[in-house]
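Colleague: Take this structure, written in structure tokens, and hold onto it; I'll ask about it next.
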Amino acid sequence: MQDDLGLIQRLQKQDSKALSVIYDKYSGALYGVILRICKNEEQAQDLLQETFLKIWQKSNQYDPKKGKIFTWAYRIAKNIALNAQRRPYKLIQNEDLSVYENEETHESEIDMLQLNGSLKQLEPHHQKALQLVYFNGLTHREAHEEMNVPLGTFKSYIKQALKKLREAYQKELFLLWVIIEKMI
Amino acid sequence: MDRNSIKDTGILEQYLLGELSDSQRIEVENILKEDLELRNYFNKIEDDFEKLAMENAITPPSGIKDSLLNSIENSITKEEKVIPISKKSNRQFYLAIASGFALLFMLTSGWLFNQWQNSKNTVEIVQNEATDLRNQIQTLENSFNETNSWYQAINNPNTVQLVLRGNQISPNSNAITYVNHTEKTVILNPKGLTKLDDDKTYQMWADVDGEMIDMGIIPSNKEMIAMKYIDNAESINITIEPAGGNDHPTVEQLISNVLL
């Protein structure tokens, strides 16, 4: 799958329509990542906008030879979300002047944050491994401690999980192909 | 690192997730640039992760896109509108300062040029005056020296004053000679001699044993003149001769003589 190089060139020439197309294509995927890291809708929306502003401003630093634009955009989104976690976000003040974090949104978001798609077909430890590094922004080191397995084992979890995912995708593609064949 | 160990270490996954240090990242990028098979393998991982993200996408509220595009449009129009104006006004500001300085320099240099010309004229006038004064002093000095030398000569105790009176040929003429036999000088004051035509001149002669010896032509425009001193002269004579003088005196034109 190749990215549209013309679209990227237009983005790098600061064509706002190109940014609009890229936003339509990737904002959902990036928002899914950001929201799963910061678990706060209001903050995640700010961070999503911050992410696309950075994509716009730093578009000349993106080199298509080094990888897909989504990979580059994902790294930006993840960094912005992780950095935001390190600084205290808006606290809500109540009448007795004490402050607490607004946790109501967390409850309602739990359903939304459930992982979907082919990932669900994987074994739980494979799911967990991918979730930690990809959607929670943990490093391999942090994640293997979190799962309480050796780093080498954790790395093989990731590898196996990706392999299974690929097989699942190919199965879907095959089914799709069969359906299309039948329709013709 | 060979190809398989790179696949096994999971470093490509970490690279994709942005977990590597700068030096590791550059190393991986260089390896990917050169190894096509690894590059394809990495592309597959990218695709897997992208699909994973797409399957778990959450649609953000539509307002975010509008606000994003608005803030970008604002920054574009700001860049387009504000910067050129400020550049222009800056340039105008500097131009105004520069032209102010230019005008100031022009005026001051005009004034200085004028002053310089005035000074030059004044110096020229002063120099001319000084030259005139120096010339006057020179003239006065010369005149004084001359007068002084005549005075010294005349006032010398050994000097004898002799008056030469005109005869019937030139009855109104007279001249005064000062003869000093010690220093052997003869000085003549020819002022009293009647004016002659341009083709004639007075000439002075000394009589030595009956022979007339030339003592010199008498210029008409001098007050005092030194003549030749002739030894053993018995008398001094003045004749009228053709302009330029004569070898022998024209005795018929003798106008005055005096015995020594």
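Colleague: Can B:R3 be described as away from every other protein chain (no Cβ under 14 Å), within 27 Å of A:L132 (Cα to Cα) and either at pLDDT 90 or above or touching an Asp or Glu at 6+ places or on another chain (Cβ under 9 Å) (or both)? Spell out the reasoning first.
Modeller: Details: away from every other protein chain (no Cβ under 14 Å): yes; within 27 Å of A:L132 (Cα to Cα): yes; either at pLDDT 90 or above or touching an Asp or Glu at 6+ places or on another chain (Cβ under 9 Å) (or both): yes.
Spelling it out, B:R3 is indeed away from every other protein chain (no Cβ under 14 Å), within 27 Å of A:L132 (Cα to Cα) and either at pLDDT 90 or above or touching an Asp or Glu at 6+ places or on another chain (Cβ under 9 Å) (or both).
Results for (1) touching an Asp or Glu at 6+ places or on another chain (Cβ under 8 Å); (2) not in a loop (DSSP other than H, G, I, E, B); (3) not hydroxyl-bearing (S, T, Y), shown as yes or no for each residue.
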| position | (1), (2), (3) |
| --- | --- |
| B:Y202 | yes, yes, no |
| B:M212 | no, yes, yes |
| B:G216 | no, yes, yes |
| B:N221 | no, no, yes |
| B:I230 | no, no, yes |
| B:I255 | no, yes, yes |
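Colleague: Then there is this: Please verify whether B:E29 is within 7 Å of chain A (Cβ to nearest Cβ), farther than 23 Å from A:D15 by Cα and surrounded by 17 or more Cβ atoms within 10 Å (Cβ to Cβ), treating the condition exactly as stated.
Modeller: no
To keep it simple, each residue is scored yes or no on (1) surrounded by fewer than 10 Cβ atoms within 10 Å (Cβ to Cβ); (2) in contact (Cβ under 8 Å) with a residue 24 or more places away in the chain; (3) more than 24 Å from B:D214 (Cα to Cα).
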position	(1), (2), (3)
B:Q127	no, no, yes
B:F144	no, no, yes
B:T177	no, yes, no
B:K184	no, yes, no
B:L193	no, yes, no
B:D198	yes, yes, no
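Colleague: Same structure, new question: Conditions first: (1) more than 16 Å from B:T239 (Cβ to Cβ); (2) hydroxyl-bearing (S, T, Y); (3) touching a Ser or Thr at 6+ places or on another chain (Cβ under 7 Å). B:T139 passes all but one, so which condition is the exception?
Modeller: So the condition that B:T139 fails would be (3).
Colleague: For region B:145-166: of the residues being of a type in the set (A, V, I, L, M) and within 60 Å of the chain's Cα centre (by Cα), which is farthest from B:Y178 (Cα to Cα)?
Modeller: Filtering region B:145-166 for residues that are of a type in the set (A, V, I, L, M) and within 60 Å of the chain's Cα centre (by Cα), the one farthest from B:Y178 (Cα to Cα) comes out as B:A153.
Colleague: Same structure again: If you take the residues of region B:66-108 that are away from chain A (no Cβ under 14 Å) and closer than 30 Å to A:I22 by Cα, which of them is modelled with the highest pLDDT?
Modeller: B:K81
Colleague: I'd like the full set of residues that are facing chain A (nearest Cβ under 7 Å) and part of a loop (DSSP other than H, G, I, E, B), limited to region B:44-65.
Modeller: Those that are facing chain A (nearest Cβ under 7 Å) and part of a loop (DSSP other than H, G, I, E, B): B:N56, B:A57, B:I58, B:T59, B:P60, B:P61.
Colleague: Kindly establish whether A:N116 is at pLDDT below 90 and more than 9 Å from chain B (Cβ to nearest Cβ).
Modeller: No.
Colleague: Of all helices (runs of 4 or more DSSP H) completely enclosed by region A:1-65, which ones contain at least 3 residues that are within 10 Å of chain B (Cβ to nearest Cβ)?
Modeller: Correct list: A:16-38, A:41-57.
Colleague: In region B:29-63, how many residues are touching a residue at least 12 places away in the same chain (Cβ under 8 Å) and within 19 Å of A:L48 (Cβ to Cβ)?
Modeller: Matching residues across region B:29-63 total 1.
Colleague: Right, here's the next one. Tell me which residues, restricted to region A:139-184, are among the aromatic types (F, W, Y), under 23 Å from A:K128 (Cβ atoms) and out of contact with any Asp or Glu (no Cβ under 8 Å at 6 or more places or on another chain).
Modeller: Passing the criteria: A:F154, A:Y157.
Colleague: State yes or no: is B:E19 part of a helix (DSSP H, G or I), closer than 23 Å to A:I80 by Cβ and of a type outside the set (A, V, I, L, M)?
Modeller: Taking the combined requirement at face value, the residue does not satisfy it.
Colleague: Out of everything in region A:135-150 that is of a type outside the set (G, A, S) and within 9 Å of chain B (Cβ to nearest Cβ), what residue ends up being nearest to B:I58 (Cα to Cα)? Outline the logic, then answer.
Modeller: Step one: list which residues in region A:135-150 are of a type outside the set (G, A, S), which gives A:135-136, A:138-142, A:144-150.
Narrowing further to those that are within 9 Å of chain B (Cβ to nearest Cβ): A:135, A:139-141.
On the way: A:F135: 12, A:T139: 23, A:H140: 25, A:R141: 27 Å.
Among residues in region A:135-150 that are of a type outside the set (G, A, S) and within 9 Å of chain B (Cβ to nearest Cβ), the one nearest to B:I58 (Cα to Cα) is A:F135.
The values are calculated or read from the model by the stated rules, or taken from the named source; none is laboratory data. Just so we're clear, the structure is a prediction, and the values are computed from it rather than from any experiment. No Cβ is skipped: glycine too gets one built from the backbone with ideal geometry, and neighbour counts run over all protein chains shown.
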